[in-house]
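Here's the structure we're looking at; comments come further down.
The values are calculated or read from the model by the stated rules, or taken from the named source; none is laboratory data. Source: prediction; values computed, not measured. Heads up, the Cβs are rebuilt from the backbone with ideal geometry, glycines too, and the neighbour counts pull from every protein chain shown.
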Amino acid sequence: MGEARSVTVARAFAVAALAGLLLSACSGNGPGSSGLSAAGTPPSTSTEQANAGSAFPDGSGAKSEDTPFSPFGSIPDPSQGGRQVLENPTIADVMMAGTLPEMALGKANAPVTIVQYASLTCPHCQAFHRETFPEFKRTYIDTGKVRYILREFPIGKQSGNATVALRCAPPDKYFTLYGKFMEQQSSWVSQEVRLEPIFVVAKQVGMTQAQFDSCLKNQAMIDGLKWVKDRGRTLGIIGTPNFFVQGKLVKKTLTMSDIREMVEPLLRGPSAAMAAQ
């Protein structure tokens with residue numbers, strides 16, 4: 001009886017640990033953050049905690065010389081000459097692209113553009129992908145009303161490796177592989193770096209071991225992804241999922257009700273009508 005109780009308690013701790021691990025993977029703001037949004041209320045997405053309590057430390061804190069370089073580091077301290085955050089970015093600011101092509105669905109000239117920043121290890125991103133994205137795609141993307149852009153905001157080294165692998169997939173398999181990483185989070189997300197479970201997912205879209213190994217050494221790809229994340233931080237992204245809806249930053253997991261409330265007035269507006277012509 002005592003042994004059975006011990007097993008039950010151990011399983012409970014394991015489930016709790018996994019839940020904490022996944023939730024920490026939605027945080028992306030810098031160290032020292034109050035955890036409050038600009039409006040003074042707690043953001044809907046998880047915020048980054050001190051590295052001592054984070055399952056996915058994001059490059060901040062002390063670093064020994066033998067620690068591998070992480071391309072997905074913390075936000076530079078503005079007081080030390082680091083990057084500034086744009087308070088009111090324009091649509092042109094939001095739409096600036098780096099060396100990597102934008103991964104998008106829908107008509108290029110759709111009247112409304114929604115940009116999502118996502119981390120592959122984030123459970124809130126998984127919830128959006130499962131619960132909202134299918135209907136969102138049917139209602140707005142497939143009908144030509146919304147152009148949807150997905151931008152990578154990897155949090156933690158495991159997420160970083162998976163993100164590089166995602167970008168190495170053929171462009172027509174990108175969103176398929178993204179969905180597989182989302183759906184199979186519990187099989188590959190871990191506190192330590194484990195490449196094999198990432199490859200198990202990647203090979204489901206035809207990626208070979210040689211391609212996977214080569215991909216993780218692609219410095220140009222890593223530099224391009226670092227730019228995407230750094231630019232996101234400059235635009236005010238602090239966690240995942242964060243969205244820009246026609247240039248307006250929304251820091252929460254969107255529901256279909258949220259999307260309709262924001263998109264429908266834009267579709268009826270004069271600027272949207274001109275863009276649709």
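Below are the figures for this structure:
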{"quantity": "Looking only at the stretch 74-105, and only at residues there that are of a type in the set (Ser, Thr, Tyr) and modelled with pLDDT of 90 or more, the one that is nearest to GLY236 (Cα to Cα)", "calculated": "THR90"}
{"quantity": "Elements of type helices (runs of 4 or more DSSP H) contained in the stretch 162-253, each with 1 or more residues being in contact with a helix residue (DSSP H, G or I) (Cβ under 7 Å, 6 or more places away or on another chain) and charged (D, E, K, R)", "calculated": "174-183"}
{"quantity": "Selection status of LYS226, touching a residue at least 40 places away in the same chain (Cβ under 8 Å) and touching a Phe, Trp or Tyr at 6+ places or on another chain (Cβ under 9 Å)", "calculated": "yes"}
{"quantity": "Residues of the stretch 219-238 classified as among the small types (Gly, Ala, Ser) and farther than 16 Å from THR163 by Cα, total", "calculated": "1"}
{"quantity": "Search result, residues across the stretch 159-197 that are within 17 Å of TYR148 (Cα to Cα), surrounded by fewer than 20 Cβ atoms within 10 Å (Cβ to Cβ) and in contact (Cβ under 8 Å) with a residue 24 or more places away in the chain", "calculated": "PRO171, LYS173, TYR174, PHE175, THR176, GLY179"}
{"quantity": "Search result, residues across the stretch 216-254 that are surrounded by fewer than 17 Cβ atoms within 10 Å (Cβ to Cβ) and in contact with a Ser or Thr (Cβ under 6 Å, 6 or more places away or on another chain)", "calculated": "LYS252"}
{"quantity": "Looking only at the stretch 109-153, and only at residues there that are polar (S, T, N, Q) and either in contact (Cβ under 8 Å) with a residue 24 or more places away in the chain or part of a helix (DSSP H, G or I) (or both), the one that is surrounded by the fewest Cβ atoms within 10 Å (Cβ to Cβ)", "calculated": "ASN109"}
